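Each remark here refers to the structure printed beneath this line.
Laboratory data are not the source of any read-out in this text; all were calculated from the coordinates shown. Values in this document were obtained by computation on a predicted structure and should not be read as measured data. For neighbour counting, all protein chains shown are included, and Cβ atoms are generated from backbone atoms with ideal geometry for every residue, glycine included.
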Amino acid sequence: MRYIKVLILVVAFVVSMIFFVQNTPIFSQTLQLQLEIMDYRWTSVAMPIYLVILLSFFLGALLSTLYFFVEKLRLSGQLASANSKVRKLEDEVAKLRAEAPAAAPSYSAFSSSDAEPAKDGDSAS
């Protein structure tokens with residue numbers, strides 16, 4: 001399975017490289033981004049299209065990594081809390097099991113005559 005994943009990644013890389021090489025003149029054209037909100041106006045410096053694509057990719061990768069790092073920290077905290085609760089409950093079960101034989105009634109104290117069932121003619125009614 002690992003070799004199939006590597007093969008798919010290599011094929012995707014080769015196809016993307018062929019795409020970029022064949023479209024180099026188009027990707028080399030400059031692009032200037034603008035943002036206008038009410039009275040605020042922002043304009044970027046002129047840069048090639050491939051640089052905008054590359055920066056967008058790295059920004060997306062950075063934000064995704066940051067999100068998953070925060071999510072991993074949150075899940076690690078939940079796991080630690082759950083493990084603590086499991087240990088506490090296991091200790092409680094062990095304590096109850098240790099107390100159970102001492103608290104159980106002893107049936108050897110009854111005599112054999114007390115344990116015999118009443119016969120049909122011996123009923124007290």
Handout entry: Answer residue from segment 38-57, given it is of a type in the set (Phe, Trp, Tyr) and closer than 20 Å to Thr24 by Cβ and is farthest from the chain's Cα centre (by Cα) among those
Key = Tyr50
Practice task
Test Ser16 against the criterion of being touching a Phe, Trp or Tyr at 6+ places or on another chain (Cβ under 8 Å) and either on the phi > 0 side of the Ramachandran plot or loosely packed, with under 12 Cβ neighbours inside 10 Å (or both), and give yes or no.
Solution key: no
Handout entry: Condition met for Leu35 (surrounded by 10 or more Cβ atoms within 10 Å (Cβ to Cβ) and within 40 Å of the chain's Cα centre (by Cα))
Key = no
Practice task
Evaluate segment 54-63: report whether one residue or more is part of a helix (DSSP H, G or I), surrounded by 10 or more Cβ atoms within 10 Å (Cβ to Cβ) and touching a strand residue (DSSP E or B) at 6+ places or on another chain (Cβ under 9 Å).
Solution key: yes
